[in-house]
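Encoded as structure tokens, the structure appears first; notes follow it.
The values are calculated or read from the model by the stated rules, or taken from the named source; none is laboratory data. All of these numbers come straight from a predicted model, not from anything done at the bench. Using ideal geometry, Cβ is built from the backbone for each residue, glycine included, and neighbour counts are taken over all protein chains shown. Areas reflect the complete protein model, heavy atoms only, side chains present, ligands, DNA and RNA absent. Shrake-Rupley method; radii C 1.70, N 1.55, O 1.52, S 1.80 Å.
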Amino acid sequence: MLWFTSDQHFYHENIIKYENRPYKSMSEMNRKLIDNWNQYVDEEDVVYIIGDFSFGNTSLTRELLKKLNGYKYLIIGSHDTKIGSAVNRGFDGVFPEIAILEINNTVLKLKHE
């Protein structure tokens, strides 16, 4: 299965109030997002994350990615500022600005804007 998602904002405490997310804490939000992800995404699925994945440091993000099912490809978003370290964080691939895919003769351009 192929999945597309964006704007998880793991480890971003303020996103709860900015976006009126229904969580009492960042920890609760992170746990629920992980549970929701793994409820749908299987180990062999491919997930394109279209930006703003994690505000955590390299170590926190690497551990987070280990908890999430699937092969994870990041398209750099407006808050993903450490492009060079993104692969080191545990993504299966990173696209600096845009990813272009062809699926069933349909071209998809993925960009975080």
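Taking only pairs six or more apart or across chains, which ones have beta-carbon atoms under 7 Å, a first residue in region 1-27 that is within 14 Å of PHE53 (Cα to Cα) and open to solvent by 60 Å² or more (accessible area, probe 1.4 Å), and a second residue that is hydroxyl-bearing (Ser, Thr, Tyr) and at pLDDT 95 or above? From region 1-27, the pairs are PHE4/TYR48.
Taking the criterion of being open to solvent by 50 Å² or more (accessible area, probe 1.4 Å), within 23 Å of LEU110 (Cα to Cα) and part of a loop (DSSP other than H, G, I, E, B), would at least one residue in region 56-77 satisfy it? No, the conditions are met nowhere in region 56-77. Scoring ASP80 on the criteria (1) in contact (Cβ under 8 Å) with a residue 40 or more places away in the chain; (2) in contact with a Gly (Cβ under 7 Å, 6 or more places away or on another chain) leaves a single failure, condition (1). If you go through region 78-97 and keep only what is out of contact with any helix residue (DSSP H, G or I) (no Cβ under 7 Å at 6 or more places or on another chain) and either at pLDDT below 70 or exposed (fewer than 14 other Cβ atoms within 10 Å of the Cβ) (or both), you end up with SER78, THR81, LYS82, ILE83, GLY84, ALA86, VAL87, ASP92, GLU97. Which residues, taken from region 42-60, are more than 10 Å from the chain's Cα centre (by Cα) and of a type in the set (Ser, Thr, Tyr)? Listed by number, the residues that qualify are THR58, SER59.
Within region 10-22, does at least one residue satisfy the condition of being in contact with a Lys or Arg (Cβ under 8 Å, 6 or more places away or on another chain) and not in a helix (DSSP H, G or I)? Looking for residues that are in contact with a Lys or Arg (Cβ under 8 Å, 6 or more places away or on another chain) and not in a helix (DSSP H, G or I), one finds none in region 10-22, hence no. If the condition is being in contact with a Gly (Cβ under 7 Å, 6 or more places away or on another chain) and aliphatic (A, V, I, L, M), then region 51-69 contributes LEU64, LEU65.
Once region 28-55 is narrowed to residues that are hydroxyl-bearing (Ser, Thr, Tyr) and not in a helix (DSSP H, G or I), the residue that is surrounded by the most Cβ atoms within 10 Å (Cβ to Cβ) is SER54.
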